[in-house]
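Have a look at the structure below before the remarks.
The values are calculated or read from the model by the stated rules, or taken from the named source; none is laboratory data. Just so we're clear, the structure is a prediction, and the values are computed from it rather than from any experiment. For neighbour counting, all protein chains shown are included, and Cβ atoms are generated from backbone atoms with ideal geometry for every residue, glycine included.
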């Protein structure tokens, strides 16, 4: 069974407000400059597809004449997809949720280390993808720019295309399903077979978790972020990847989530405290960004109106890195211990 999940948008998450950490300054990170990556000379040899490769996307058609050796990534998830199929990007967008010293998410740092590769140029992304640091792309000297899950505009695409061929999103900004990110990235790199293997491994991993915990099958859930300052919660719809990957475990998004949905096809909507009693589900998943937030979650009478909270059936994802591992899930973060596996452990305690 192929798991399908639409990705959350970085812009939308920024609107939630609580999801961002203070970014490490890009200038503090070691820069790859124009030096070759340790594995760059092996990358052409790793390609299994025939070049040239043509990829059609929302902003045009991109022809990749030969196996790229200096890849830059922009947006979310593509860095992990490239690494997972054996290609080491020379430039990547900074991730403001990270606590890593290099402004990289920890599973990305670990993969560079495991591959014995030089750390990439960190491309400044202070506005959640709204602006593009063209000069930094020039300095990174890529021969391919991958942005299949990003918000680049047609104007930004045109400027970046003067630097290197660019692969944009297939339909619209910030909406590419995360498994399609793996497929598109692998295809652009001439490694479609490797991409299929990555997805097969993920399906197996999630399927194994589901098989180990049959007690979860059919349980309904709602996934939220609480915003006390606004007097409301953000409710994530089945279009969001954090919902989609959990449905691969056998649990299902509660009917009430759809019934209350005002997003018109979006990945989240807001629900005022006055309506929380309508959010009915077997259990609730709460995304919290500090230990203190997690410890105090549900103590106020407002959230006690949610039936699952009142019943004590609450699963918490705690900390920016843990939340990042499932928002969106990627080729390297789907099995991050504090993400999906921790959710499964908590469900086992509730229903085991």
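For segment 264-295, which residues satisfy the criterion of being modelled with pLDDT of 95 or more and in a loop (DSSP other than H, G, I, E, B)?
279, 280, 281, 282, listed by residue number.
Among 200, 188, 194, which is farther than 21 Å from residue 243 by Cβ, touching a strand residue (DSSP E or B) at 6+ places or on another chain (Cβ under 6 Å) and either outside the structural domain of residue 347 (by TED's automatic domain parsing) or modelled with pLDDT of 95 or more (or both)? Working first, answer last.
On the way: 200 fails: touching a strand residue (DSSP E or B) at 6+ places or on another chain (Cβ under 6 Å); 194 fails: touching a strand residue (DSSP E or B) at 6+ places or on another chain (Cβ under 6 Å).
Exactly one residue qualifies, and that residue is 188.
Residues being in a helix (DSSP H, G or I) and in contact (Cβ under 8 Å) with a residue 12 or more places away in the chain: count how many of those fall in segment 296-352.
Residues of segment 296-352 that are in a helix (DSSP H, G or I), as a first pass: 296, 303-305, 307-310, 320-325, 340-351.
Now drop any that are not in contact (Cβ under 8 Å) with a residue 12 or more places away in the chain, which leaves 303, 305, 307-309, 320-325, 340-344, 346-348, 350-351.
The total comes to 21.
Count, please, the residues in segment 299-311 that happen to be surrounded by fewer than 18 Cβ atoms within 10 Å (Cβ to Cβ) and either over 23 Å from residue 348 (Cβ atoms) or within 29 Å of the chain's Cα centre (by Cα) (or both).
Summing the residues that are surrounded by fewer than 18 Cβ atoms within 10 Å (Cβ to Cβ) and either over 23 Å from residue 348 (Cβ atoms) or within 29 Å of the chain's Cα centre (by Cα) (or both) in segment 299-311 gives 5.
For residue 86, indicate whether it is in a loop (DSSP other than H, G, I, E, B), buried (at least 19 other Cβ atoms within 10 Å of the Cβ) and either on the phi > 0 side of the Ramachandran plot or not assigned by TED's automatic domain parsing to the domain that holds residue 173 (or both).
So residue 86 does not fit the description; no.
Conditions first: (1) in contact with a helix residue (DSSP H, G or I) (Cβ under 7 Å, 6 or more places away or on another chain); (2) surrounded by fewer than 24 Cβ atoms within 10 Å (Cβ to Cβ). Residue 182 passes all but one, so which condition is the exception?
Going through the list (1) in contact with a helix residue (DSSP H, G or I) (Cβ under 7 Å, 6 or more places away or on another chain); (2) surrounded by fewer than 24 Cβ atoms within 10 Å (Cβ to Cβ), residue 182 breaks only (2).
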